[in-house]
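Read through the structure below, which is laid out as structure tokens, and then see the notes.
The values are calculated or read from the model by the stated rules, or taken from the named source; none is laboratory data. Remember, it's a predicted structure, so these values are computed and weren't measured experimentally. Here the Cβ is made from the backbone with ideal geometry for all residues, glycine too, and neighbour counts use every protein chain on show. All accessible areas refer to the heavy atoms of the entire protein, side chains included, with ligands and DNA or RNA removed. Shrake-Rupley method; radii C 1.70, N 1.55, O 1.52, S 1.80 Å.
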Amino acid sequence: MTVVVVTDSTAGLSDDLVAELGVEVVPLHVLVGDREIREGIDPVEIDYAADSVTTSAASPGELREAYERALTHSDGDGVVAVHLSRMLSATWESGRQAVRDMGAEDRVRLVDSLGAGLATGLPVLAAARRARAGETLDAVYECAVAAAARARTFILVNRTEQLRKGGRLSSAAAFFGSELVTKPLLHLVEGKLELREKVRTRSRAYAKLVAAAVDAAGRDGAALGIQHLGAADAAETIAEQLREQLPELSELHVAEFGPTLGVHLGVGALGVAVLPGGCS
């Protein structure tokens, strides 16, 4: 058999890609009042601005079940689990506990993607393609780690209030991003979400987002992922501009943010994940 790659539901990968590459996806949770929704599994209707809506990580038990299932599917070749940044979620720590409980440190390797959304998904693609090519556990793991280190993420939100309430952005950055700026442009730095730039108009914000992605992509056939929440037209506009400015792109994915990230980013959010050198 081959090494199996596991990720969580924030990775933003399409069902077709997940099925094609044999990726195991573990759902995170959205809590709406007393109701718990498993992302990607349960039907979802969410008021993203409601104070009663929160999120929670996958539990050690859920991750252990997924890792054990993936290990069985690998026929002993091993598992590489790539999860969203440990600075943004307890999922990675839950995964570490699950691996300890299994006593499987030599067979299940954990990777902190240092990102979220398709900034996790692109390293997952890179690793899963290596696994499908028959590479060893060490090689697949090293590919995922290297891709995570190369990936860059830029996010445009309407306001930072939801991030501030969820503790994903420092209070100082939230202050500068709330009333003084029309469109705060954020980025992930070593797994932490930080304010990158203060932008006052929508058109200028889109231009800054595209420029940041182009600069990060370089000229070596990067892979890009564009995500949005209720902003499909804007996402396609950004995609068209990036295709024009980066004709050597190896691949470009456009998807909607799932509810777990949507709760923190808010309606209208746009994000671009960049993996220089691509996912192959």
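Can ASP16 be described as in a helix (DSSP H, G or I) and without any contact (Cβ under 8 Å) to a residue 24 or more places away in the chain?
For ASP16, the condition - in a helix (DSSP H, G or I) and without any contact (Cβ under 8 Å) to a residue 24 or more places away in the chain - is met.
With the requirement that a residue be part of a helix (DSSP H, G or I) and closer than 14 Å to GLY271 by Cα, what does the stretch 214-240 give you?
So in the stretch 214-240, the residues part of a helix (DSSP H, G or I) come out as 214-217, 232-240.
Of everything in the stretch 214-240, those that are part of a helix (DSSP H, G or I) and closer than 14 Å to GLY271 by Cα turn out to be VAL214, ALA216, ALA232, ASP233, ALA234, ALA235, GLU236, THR237, ILE238, ALA239.
Of the residues that make up the stretch 77-95, is at least one assigned to a helix (DSSP H, G or I), more than 20 Å from ASP138 (Cα to Cα) and open to solvent by less than 10 Å² (accessible area, probe 1.4 Å)?
yes
Could you list, in sequence order, all residues of the stretch 3-17 that are crowded, with 19+ Cβ neighbours inside 10 Å and either under 21 Å from THR55 (Cβ atoms) or among the small types (Gly, Ala, Ser) (or both)?
To start, the set of residues in the stretch 3-17 that are crowded, with 19+ Cβ neighbours inside 10 Å comprises 3-13.
Residues satisfying the conditions are VAL6, THR7, ASP8, SER9, THR10, ALA11, GLY12, LEU13.
Just to check your reading of the model, which residue among VAL108, VAL124 is over 15 Å from the mean Cα position of the chain (by Cα), at pLDDT 95 or above and buried (at least 22 other Cβ atoms within 10 Å of the Cβ)?
Just one listed residue meets the conditions, VAL108.
If you go through the stretch 16-43, how many residues are acidic (Asp, Glu) and closer than 15 Å to GLU65 by Cβ?
So the count comes out to 1.
Given the condition open to solvent by less than 70 Å² (accessible area, probe 1.4 Å), within 30 Å of SER280 (Cα to Cα) and at pLDDT 85 or above, answer yes or no: does some residue in the stretch 157-169 qualify?
Within the stretch 157-169, not a single residue is open to solvent by less than 70 Å² (accessible area, probe 1.4 Å), within 30 Å of SER280 (Cα to Cα) and at pLDDT 85 or above.
GLU62 fails exactly one of the following numbered conditions: (1) open to solvent by less than 30 Å² (accessible area, probe 1.4 Å); (2) in contact with a Ser or Thr (Cβ under 9 Å, 6 or more places away or on another chain); (3) outside any loop (DSSP other than H, G, I, E, B). What is the number of that condition?
Failed condition: (1).
Among the candidates ALA131, ALA144, ALA70, ALA127, which residue alone is in a helix (DSSP H, G or I), closer than 11 Å to VAL5 by Cβ and in contact with a Cys (Cβ under 8 Å, 6 or more places away or on another chain)? Even if it seems obvious, please write down each step before you answer.
Details: ALA131 fails: in contact with a Cys (Cβ under 8 Å, 6 or more places away or on another chain); ALA144 fails: in contact with a Cys (Cβ under 8 Å, 6 or more places away or on another chain); ALA70 fails: in contact with a Cys (Cβ under 8 Å, 6 or more places away or on another chain).
Going through ALA131, ALA144, ALA70, ALA127 in turn, just one is in a helix (DSSP H, G or I), closer than 11 Å to VAL5 by Cβ and in contact with a Cys (Cβ under 8 Å, 6 or more places away or on another chain): ALA127.
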